[in-house]
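Taking it in order: structure first as structure tokens, then the write-up.
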Ligand code: CTP
């Protein structure tokens, strides 16, 4: 019996796939089809696959060509599969010509003619509504946002504005954005959604104005520095049927997400302690980050990152939070926070003027998770146990500046009318704003 194997994503199954599977089947007597797993596709940078792996397997099954369907999960699996199933021919479309020659060592490699004029990418693009995004605040993060948005289907940055119009002009020119807007109000008329990348204190007004104009909002972190205001804004978004999302990039990063769900499913037992630290020591004290008038300081600037694992794992109902800060020229150059939960204790450290080891350690009754610095752009972590033989290391990809993950989630929420993201729930974001407010009001606060 001659066995043939072929692989693909088979998203939005189309005639090209059907023709290819038919041609592959004709090469032998038994056809094995490898369908890529969702995680594997994401790791390969395919963020926009529409059908999940179960739907894609069902679609391949329905063609009637596959005698066996397997899931492709990792790089190198093709060699394992060829040997495991005793495969004679590896077949793939001619768009891959030459790319799989290395498999000739294990079986015959055949490149089959590809059907012209159709692809999943094209079908996705044709059926995709595009979310037009306007950026307000053309500062340091804005160009990164534009670059990263190119990796996400269904979004397009179509306008920008800044309080300094000359900034707007140079930004839109450099980034090839069609509209330079004189003011925010005009920009709101041109777009479906806004990305707010202005200094912290302007967020509240910009968010409110956008929501009142019926626009979805992705706002840089920290959303606002006051819990009540955060509640008010989320309630307004909900009442208007709009997405309001805090742009905390760590929350959307694949490795961090996997770590959170693994820990929640008990791999290190009950979580008893979280220690998260993040510091960025900058020489230039003229930056906004050091200006008390502009809500500068370590907690406002960096706090939402270490608060994330604490709040995600232990929740928003802590019994007590004490904040200890070293103040200099009106801002905290260092803050350490201690959360007491009913059955856990968590600490975080943030520093603009004090350097710390920037790792994340989550300790549980069975083991602990270590995410080395810089854990907030996680691409690697370890689970460690008393018996070192049980230790496990996990590796991931962190693509580009990492903003594409949050942009993708934002677009998905807007297009699918999903108003809350499991990656950062609204009440979790509100809890962060409560912490910011506690600091602003110097409650349970001690200077060191
Ligand atoms: N294929 C084909 N003709 C097409 C499209 C795909 O023969 N018009 C083949 C590919 O060469 C591959 C298999 O179908 O052997 C599965 O391809 P897949 O990557 O899932 O499909 P694409 O439509 O190419 O998807 P994308 O646009 O996401 O790359």
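The values are calculated or read from the model by the stated rules, or taken from the named source; none is laboratory data. A quick note: this is a predicted structure, and the numbers were derived from the prediction, not measured. With ideal geometry, Cβ positions are generated from the backbone for all residues, glycine too; neighbour counts draw on all protein chains shown.
At-a-glance table
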{"read-out": "The one condition in (1) more than 10 Å from the ligand (Cβ to nearest atom); (2) under 21 Å from the mean Cα position of the chain (by Cα) that residue 3 fails to fulfil", "value": "(2)"}
{"read-out": "Cross-chain or 6+ apart pairs with Cβ under 7 Å, segment 195-207 first and free of Cβ contacts under 8 Å to residues at least 60 places away in the same chain, then buried (at least 24 other Cβ atoms within 10 Å of the Cβ) and part of a helix (DSSP H, G or I)", "value": "207/233"}
{"read-out": "Given (1) under 22 Å from residue 114 (Cα atoms); (2) more than 30 Å from the chain's Cα centre (by Cα); (3) surrounded by fewer than 20 Cβ atoms within 10 Å (Cβ to Cβ), number of the condition residue 86 does not satisfy", "value": "(1)"}
{"read-out": "Hits in segment 102-119 (condition: closer than 25 Å to residue 39 by Cα and either in contact (Cβ under 8 Å) with a residue 60 or more places away in the chain or crowded, with 16+ Cβ neighbours inside 10 Å (or both))", "value": "103, 118, 119"}
{"read-out": "Search result, residues across segment 366-399 that are buried (at least 16 other Cβ atoms within 10 Å of the Cβ) and part of a loop (DSSP other than H, G, I, E, B)", "value": "374, 378, 379, 396, 398, 399"}
{"read-out": "Residue match in segment 50-69 (condition: within 14 Å of the ligand (Cβ to nearest atom), surrounded by fewer than 16 Cβ atoms within 10 Å (Cβ to Cβ), at pLDDT below 95 and on the phi > 0 side of the Ramachandran plot)", "value": "no"}
{"read-out": "Any hit, segment 345-365, residues being in a strand (DSSP E or B), under 23 Å from residue 438 (Cβ atoms) and within 20 Å of the chain's Cα centre (by Cα)", "value": "yes"}
{"read-out": "Segment 11-40 - residue that is near the ligand (Cβ under 9 Å from one of its atoms) and either over 11 Å from residue 65 (Cβ atoms) or under 29 Å from the mean Cα position of the chain (by Cα) (or both) and, of those, surrounded by the fewest Cβ atoms within 10 Å (Cβ to Cβ)", "value": "15"}
{"read-out": "Whichever residue in segment 276-290 is surrounded by fewer than 19 Cβ atoms within 10 Å (Cβ to Cβ) and touching a strand residue (DSSP E or B) at 6+ places or on another chain (Cβ under 9 Å) and, among such residues, is nearest to residue 425 (Cα to Cα)", "value": "280"}
{"read-out": "Hits in segment 62-79 - residues which are farther than 22 Å from residue 29 by Cβ and free of Cβ contacts under 8 Å to residues at least 24 places away in the same chain", "value": "75, 76"}
{"read-out": "Unique match (being crowded, with 17+ Cβ neighbours inside 10 Å, closer than 19 Å to residue 41 by Cβ and within 16 Å of the ligand (Cβ to nearest atom)) among 78, 99", "value": "78"}
{"read-out": "Qualifying residue in segment 226-240 (condition: at pLDDT 95 or above and under 16 Å from the mean Cα position of the chain (by Cα))", "value": "no"}
{"read-out": "Segment 223-257: number of residues that are in contact with a helix residue (DSSP H, G or I) (Cβ under 7 Å, 6 or more places away or on another chain), part of a loop (DSSP other than H, G, I, E, B) and within 19 Å of residue 415 (Cβ to Cβ)", "value": "2"}
{"read-out": "Checking residue 260 against (1) under 19 Å from residue 361 (Cβ atoms); (2) in contact with a strand residue (DSSP E or B) (Cβ under 9 Å, 6 or more places away or on another chain); (3) not in a strand (DSSP E or B), the condition it does not meet", "value": "(2)"}
